[in-house]
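The values are calculated or read from the model by the stated rules, or taken from the named source; none is laboratory data. Since this is a predicted model, take the numbers as computed values, not measurements. Ideal geometry is used to build each Cβ from the backbone, glycine not excepted, and the neighbour counts take in all protein chains shown. Heads up: the accessible areas ignore ligands, DNA and RNA and are worked out on the full protein's heavy atoms, side chains in. Shrake-Rupley method; radii C 1.70, N 1.55, O 1.52, S 1.80 Å.
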Amino acid sequence: MEVNATREIMWNIPASFKVIMYVLFAICTIIMFKGLYEKFLFATKGEGFAGLKKLRPEKLNWSSFFKTIFLTGKVPRYKNVAVFHGLIFYGFIILWIATDLVAIHYDTPFKVFQGTTYIVISFLADIAGLMILAGIVLAYYRRYVKKPDYLSATKPKQELFMYGMLVALVVIGYLIEGLRILGTGMPIGEKTWAPVGWMLASIFGGFNLSDASLAMGYRSLWFLHMVNTMIFVASIGYSKFSHMMFLPFASLVTPSRRGGVLEPMNFEDENAETFGLGKLSELTHKNTLDLLTCVECGRCTQVCPANAAGKPLDPKKIITKARDLAFETYAKGEKDAEIWGENPIYMNHEIDACTTCGACMEECPANIEHVNIIMEAKRYNTLTLGAIQPAAADAANKIRVNGNPWGITQDDRFKWADGLDVPVITPEKKVDYLYYVGCAGSYDAANQKVVKDTVMLLKKAGVDFAVMGKTEKCNGDPIRRFGDEYTFFEVAIENIANMNQYKFDKVVTHCPHCLHTIGKEYAKFDDGDFETLHHTELLGELVRNGKLKPTKPVNQELTYHDPCYLGRHHGEYDAPREILKAIPGVTLTEIDKNRDKALCCGMGGGNMWYELPEGEHLAVNRLKQIGETKAPKLATSCSFCLINFNSSKGQVDATEEIAIDDIASILAESVN
């Protein structure tokens with residue numbers, strides 16, 4: 001390494017150009033911050049820094065923040081996007097560092113841009129430019145040549161400005177470098193640490209440029225490059241470049257797995273004229289931030305099970321239609337607009353198609369909580385407009401009257417336990433675990449088998465547990481997904497009071513929807529904070545501790561479907577697999593889309609109780625993926641998945657004969 005390696009900063013640049021540069025930089029920086037502040041005001045609903053308190057969660061998501069800052073967050077989840085975005089992102093970071101070092105070297109007493117630092121940074125900057133150009137070519141090809149539907153945008157050409165700006169910065173930078181190397185006598189070291197510039201300098205040398213021509217060309221290009229850079233700085237606040245600032249912030253204020261949890265409504269507010277999301281002003285601060293941060297990448301559209309099944313739902317458009325309405329409204333000087341007015345931006349079937357599976361939120365690199373906006377709109381649709389699917393209204397009424405969505409008498413709720421010695425909790429008796437059986441476990445034959453197997457396993461392991469028996473009622477999950485918040489409020493309050501009369505440490509349930517509602521939704525109500533876990537988590541712990549010993553070989557090749565509310569909403573992917581791997585003879589073949597990329601079976605969001613006419617059955621696409629494994633058996637750990645796959649498997653040739661069972665039942669075979 002050449003110890004004295006460096007170059008003259010501002011070579012051949014007149015003082016007037018330098019003055020113009022500093023003045024433009026100051027002006028453009030002010031313009032940038034003005035634009036960013038206007039967007040910040042939009043995100044905080046005009047409250048500015050005071051509105052930050054309403055954006056701040058109980059716990060900031062620092063891990064997501066730093067992952068976004070340094071590793072581009074969720075972008076690498078798609079390999080093709082990871083390549084071109086990574087080339088652009090890391091290339092830009094390198095050029096940014098190089099520019100900062102040049103500024104420090106020239107504008108401060110610290111001469112850092114020399115020696116080894118100069119050599120390394122110069123080389124990396126030359127390579128970084130090529131990275132950016134390659135990344136932009138790939139990005140352009142994907143968006144403007146291939147033109148996939150999921151990349152459709154309100155302003156389809158806004159990326160062209162970004163691409164053009166970056167290409168100009170890099171290309172003009174290379175040309176300047178080449179002319180500088182030629183004008184300074186072709187220093188031999190530059191051939192090594194500035195290979196692109198050296199190549200261009202060699203080409204320029206063939207034109208036999210006079211000193212005056214070279215100087216004029218260099219100064220002109222330098223001035224153009226400087227102006228281009230300043231325009232780029234100013235544009236950050238007014239273009240899609242702003243995502244560099246707002247996406248890391250969004251990742252910081254978005255806790256993991258929060259988007260599917262709703263806040264209770266205040267039905268005691270006598271001034272409330274409507275309930276749910278009916279106007280722009282009723283968006284939360286996080287909702288408005290979500291509208292701002294959407295980059296229209298279409299990942300939510302790609303993974304949406306309803307969209308894939310031909311239903312009229314595009315999660316991206318849920319966000320962009322509200323954003324466009326907000327921008328249009330504020331541009332006219334108005335402060336509010338109706339979402340469900342004369343020209344509603346959403347259709348009933350559009351929001352009813354959402355299965356609340358959380359795939360959109362899992363994939364979104366901007367950490368947008370689509371489900372929250374959809375459910376708030378659904379609340380308004382149901383409570384204020386009275387627009388609810390007839391089958392959903394019927395199920396809700398059956399829950400109110402009979403305590404379950406099937407409408408079966410409450411007296412039959414504990415019939416599954418006939419002939420079994422199942423412990424029933426009493427107010428006087430304390431247990432370690434309250435086993436919440438749920439409606440499916442109480443009334444559906446396939447799920448009753450799961451309950452019986454779970455009870456057998458818990459008893460065999462010596463677990464201190466009990467069920468509520470006939471006093472147990474539906475926890476209200478379907479009603480809340482229908483948007484019938486008032487009925488859910490009544491059901492939740494009754495259930496919380498009922499559960500609080502008993503003494504127990506934890507609640508265990510085999511249905512992930514019950515897990516979510518009791519464990520997360522009830523926690524938003526007074527006295528509703530119950531530590532809740534899934535039966536696979538408890539059974540997995542019992543297997544690890546040796547209290548359950550699967551010794552009998554099952555000799556079964558199978559595949560496993562990750563339920564949305566156990567996986568994406570609860571974060572549990574390992575417990576079911578650990579149980580299966582502990583069973584002798586079981587061979588697990590994973591579905592291509594597994595864990596947090598698993599496709600929803602289609603029964604969440606209330607869709608268990610109604611079916612929309614558009615498109616095909618929601619389970620078909622997932623069954624096709626299951627069929628591709630060629631496994632003769634499917635394991636799952638969700639009441640809805642078990643019912644849906646059993647009733648729908650005949651719609652796909654590859655799964656017509658597949659056997660379907662719950663994890664607990666497979667474990668019971670081996671333990672017995």
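Annotations
- Test for A212: is it among the small types (G, A, S) and within 26 Å of S242 (Cα to Cα): no
- Taking the stretch 330-364 as the range and being among the β-branched types (V, I, T), outside any helix (DSSP H, G or I) and in contact with a Gly (Cβ under 9 Å, 6 or more places away or on another chain) as the test, the residues that pass are I339, T355, T356.
- Selection count, the stretch 297-327, where residues are open to solvent by less than 10 Å² (accessible area, probe 1.4 Å) and more than 22 Å from G605 (Cα to Cα): 1
- Residue that is open to solvent by 70 Å² or more (accessible area, probe 1.4 Å), on the phi < 0 side of the Ramachandran plot and in contact with an Asp or Glu (Cβ under 8 Å, 6 or more places away or on another chain), where the choices are K59, K54, K111, K67: K54
- Considering the stretch 396-422, and only residues there that are over 19 Å from Y436 (Cβ atoms) and among the aliphatic types (A, V, I, L, M), the residue that is least open to solvent (accessible area, probe 1.4 Å) turns out to be A396.
- Y78 being surrounded by 12 or more Cβ atoms within 10 Å (Cβ to Cβ), touching a residue at least 24 places away in the same chain (Cβ under 8 Å) and farther than 26 Å from S122 by Cα: yes
- Residue that is farthest from N607 (Cα to Cα) [pool: residues in the stretch 340-362 that are surrounded by fewer than 22 Cβ atoms within 10 Å (Cβ to Cβ) and in contact (Cβ under 8 Å) with a residue 60 or more places away in the chain]: W340
- The set of residues in the stretch 582-611 being in contact with a strand residue (DSSP E or B) (Cβ under 7 Å, 6 or more places away or on another chain) and either crowded, with 19+ Cβ neighbours inside 10 Å or in a helix (DSSP H, G or I) (or both) consists of V586, I591.
- Some residue of the stretch 138-148 being part of a loop (DSSP other than H, G, I, E, B), open to solvent by 30 Å² or more (accessible area, probe 1.4 Å), out of contact with any Pro (no Cβ under 6 Å at 6 or more places or on another chain) and at positive phi: yes
- Residues that are under 18 Å from F89 (Cα atoms) and aliphatic (A, V, I, L, M) were ranked within the stretch 149-166; the one that is most open to solvent (accessible area, probe 1.4 Å) is L160.
- Meets criteria (modelled with pLDDT of 95 or more and within 25 Å of I479 (Cα to Cα)) for S647: yes
- Among all residues of the stretch 530-538, there is at least one that is surrounded by fewer than 18 Cβ atoms within 10 Å (Cβ to Cβ) and out of contact with any helix residue (DSSP H, G or I) (no Cβ under 6 Å at 6 or more places or on another chain).
- Single residue of the stretch 365-388 satisfying the filter (in contact (Cβ under 8 Å) with a residue 24 or more places away in the chain, open to solvent by 10 Å² or more (accessible area, probe 1.4 Å) and in a loop (DSSP other than H, G, I, E, B)) that is farthest from M347 (Cα to Cα): P365
For (1) farther than 19 Å from K59 by Cα; (2) in contact (Cβ under 8 Å) with a residue 12 or more places away in the chain; (3) surrounded by fewer than 18 Cβ atoms within 10 Å (Cβ to Cβ), each residue gets a yes or a no:
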| position | (1), (2), (3) |
| --- | --- |
| V261 | no, yes, no |
| F267 | yes, yes, yes |
| L283 | yes, yes, no |
| L292 | yes, yes, no |
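Matching residues to (1) under 36 Å from the mean Cα position of the chain (by Cα); (2) open to solvent by less than 60 Å² (accessible area, probe 1.4 Å):
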{"position": "I88", "(1), (2)": "yes, yes"}
{"position": "G91", "(1), (2)": "yes, yes"}
{"position": "I97", "(1), (2)": "yes, no"}
{"position": "F123", "(1), (2)": "no, no"}
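- Taking the criterion of being open to solvent by less than 40 Å² (accessible area, probe 1.4 Å), under 29 Å from A396 (Cβ atoms) and small (G, A, S), the residues of the stretch 612-658 that qualify are A619, S637, S639, S648.
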